[in-house]
Amino acid sequence: MVVLNLGYTAPINRPGDEPVLTRAQVWAGLEHKVRRAEKFVSAITACEVLSEDKSGGEEHVITRRATFKPGVNPAGRDVVTEVCHLHAPCRVDFVQEDGTTIGNYVTQGPTGQPEDLHMTYVFQWKVPQVEAGSEQAKEIEAKFQKMAKLAVESSIETIRGIATGKVIID
């Protein structure tokens, strides 16, 4: 088995991006992403909320079933159940039944300005059918590094679309 640890970070508000997104808008977008992941990440085709628990005080927990395009999930499963831990206003942790973890983070950039925000996705994929250090493991890691970039960039684009009314979350 190989465990792939990788991540990707992108600025949320690049020069020329309109509108400039606030932390509150980005957080609201991540809350939508937990429920409607298919609108944010092209590798996911469907998302169903199975349960929701707000009784944990600061933590909000949503259990969902996500359906991936065939062959996209590194563990080879097209349907996964994820427990999503929402920590407003900056972090969502996704834990899959095999122990795979994914984190979505909204962080402040180096200038400290309200518009200087970054989005980071961090993945720990457990791939049981692949040997650590193998050529196949390297190929899978390269593929999923590209997917991490796409997931971050498409999530930012979708959140901006929500803010402008071009993307409707039903």
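Computed from the coordinates by the stated procedures, all read-outs in this text should not be read as laboratory data. Source: prediction; values computed, not measured. A quick note on method: Cβ atoms are made from the backbone with ideal geometry, for glycine too, and the neighbour counts reach across all protein chains shown.
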Inset, instruction - Kindly state which strands (runs of 3 or more DSSP E) lie completely within region 1-70 and contain at least 2 residues that are without any contact (Cβ under 8 Å) to a residue 24 or more places away in the chain. - result: 44-56, 59-68
Inset, instruction - Return a yes/no flag: does region 91-110 have any residue that is without any contact (Cβ under 8 Å) to a residue 40 or more places away in the chain, crowded, with 18+ Cβ neighbours inside 10 Å and polar (S, T, N, Q). - result: yes
